[in-house]
Amino acid sequence: MENAVLKLYLVNAVTNNKPDKVVDFFNKYTVELQGQPEWKEWFMLPFVKNPEENPSFAVHFTRQWQDTLCVSLHNFLATIFQ
């Protein structure tokens, strides 16, 4: 869940044309994420011209993925706080 939320942050930064936020994210989290295989391709995100068209990132730019993550996060938090 944590990785998905972090990826959503990056997708929103790219979608809202905030490349500085993407760079800041990687400056802050590189040490923590570099050993995790699911993040390997994400380190190229700041250098990809149209990441929504790249097979490595395309699914994360879909409304369906974003909505599903938001519902899952909501359900997760609701369960915790019940």
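Each reported figure results from applying straightforward, stated rules to the coordinates on display, with no laboratory input. Keep in mind that this is a model prediction, so the values were computed, not measured. All Cβ positions, glycine included, derive from the backbone under ideal geometry; neighbour counts span all protein chains shown.
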Original post:
Magnitude of the Cβ-charge dipole of the chain, K/R +1 and D/E -1, about the Cα centre, nearest 20 debye?
Top reply: 100
Original post:
Within the chain, how many lysine pairs that are 8 or more places apart, or on different chains, have C-alpha atoms less than 15 Å apart?
Top reply: 5
